[in-house]
Amino acid sequence: MAVVERTAPPAARQVPAGPRKGWRAHWHLYAAISPFYLLFLAFGLIPVGFSLYLSFHRWDGLGAMEWAGLTQYQYLLSDSDFWQSIGTTLVIWALATFPMIFLAMVTAVLLNSAVRFKNAYRFAYFLPSVTSVVAVAIVFGSIFSTDFGMVNALLQAVGLDQVAWLNTPWGIKIAIATLMTWQWTGYNAIIFLAGLQTVPGDLYEAARIDGAGPVQTFFRVTLPLLRPTLLFVLVVSTVTGLQSFSEPQVLLQTTANESTFAGGPDRAGQTMVLYFFQQTFDNNDFGYGAAVAWGIFLVVVLFSIINWRLVQRRGEQ
């Protein structure tokens, strides 16, 4: 009897779904993520594009726009007040960032070696970064007060004269930098602590066997391995520090002569963002304010790139 072999029917040909069919098959997934993109479009891309368009016009916010071309940017390059605000911002940033990074690193090392109450210490150091900047600035305004401030009370206790912190150019810069240092040291300490916990313990054991002390171990083992974390902290500190606004605005609002955004006597505390707000909302010059905002953006990007390159180059040496 002949045996008949049964063959399997040919497999159906797989026809790849076209783009329209694929979009229809996954429309519910696109709908689920669409709110983020719609909000980003409405409150991110469109305002950025409009600000660039606005920077080429003169507009007081009410009347018709007047085309100005590159006139706003030409005036920006020769605006001495804008360049003064850049210098003020850089000085405050330097006075705040480098001590803050040093203190954050030391704090992270101590927290990493602490045994008892470790979580309580982390919470205490992180708390200033989530505290209202306005409330902190009001407190620091009292601390640096000329007649009743805690800092002047300590100076008098050791036999030194009072300092008009909020009425002298360098006193204003030091007060703002101190506020920013206090506010962000704990936050960056937690970032450094996360980086320290990724360092293998075998490296410390090997360094100990080779006779390296704590200082040598830190500079030869810990610091090189923390370079990516240090780069992140430095870039973020640059971006946030160069955009400081609430700290000087609230701290110096009682001493401002020209406006709320003047930055104290002789514009000693007027940062770039304060100058932007003054031109936009005090002078109602929205076109020039948009040009100032793009100038601030270029300055922040430039210094972020410089800091990134410096840290990268030191790590490669």
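Would you check if Gly61 is touching a residue at least 60 places away in the same chain (Cβ under 8 Å) and loosely packed, with under 13 Cβ neighbours inside 10 Å? Explain how you work it out, then say what you get.
On the way: touching a residue at least 60 places away in the same chain (Cβ under 8 Å): yes; loosely packed, with under 13 Cβ neighbours inside 10 Å: yes.
Here the answer is yes, as Gly61 does meet what is asked.
Condition first: out of contact with any strand residue (DSSP E or B) (no Cβ under 7 Å at 6 or more places or on another chain), in a loop (DSSP other than H, G, I, E, B) and among the small types (Gly, Ala, Ser). Can you find one or more residues in the range 154-161 that meet it?
yes
Out of Thr260, Thr271, report the one residue that is under 30 Å from Phe192 (Cα atoms) and either among the polar types (S, T, N, Q) or modelled with pLDDT of 85 or more (or both). First the steps, then the outcome.
On the way: Thr260 fails: under 30 Å from Phe192 (Cα atoms).
So the residue among Thr260, Thr271 that is under 30 Å from Phe192 (Cα atoms) and either among the polar types (S, T, N, Q) or modelled with pLDDT of 85 or more (or both) is Thr271.
Where in the range 195-254 are the helices (runs of 4 or more DSSP H), entirely inside, with at least 2 residues that are more than 17 Å from Trp93 (Cβ to Cβ) and in contact with a helix residue (DSSP H, G or I) (Cβ under 7 Å, 6 or more places away or on another chain)?
The qualifying helices (runs of 4 or more DSSP H) are 201-209, 227-241.
Consider the range 226-249. How many of its residues are farther than 30 Å from Thr260 by Cα and surrounded by fewer than 15 Cβ atoms within 10 Å (Cβ to Cβ)?
Number satisfying all stated conditions: 1.
Could you grab me the full set of residues in the range 144-183 that are under 16 Å from Gly269 (Cβ atoms), surrounded by fewer than 20 Cβ atoms within 10 Å (Cβ to Cβ) and among the aliphatic types (A, V, I, L, M)?
Residues satisfying the conditions are Val163, Ala164, Ile174.
Do you know which residues across the range 122-142 are more than 21 Å from Gly241 (Cα to Cα) and either surrounded by 17 or more Cβ atoms within 10 Å (Cβ to Cβ) or in contact (Cβ under 8 Å) with a residue 60 or more places away in the chain (or both)?
Answer for the range 122-142, where residues must be more than 21 Å from Gly241 (Cα to Cα) and either surrounded by 17 or more Cβ atoms within 10 Å (Cβ to Cβ) or in contact (Cβ under 8 Å) with a residue 60 or more places away in the chain (or both): Arg122, Ala124.
The values are calculated or read from the model by the stated rules, or taken from the named source; none is laboratory data. This is a predicted model, so every value here is computed, not measured. Glycine gets a Cβ as well: all are built from the backbone with ideal geometry, and neighbour counts include every protein chain shown.
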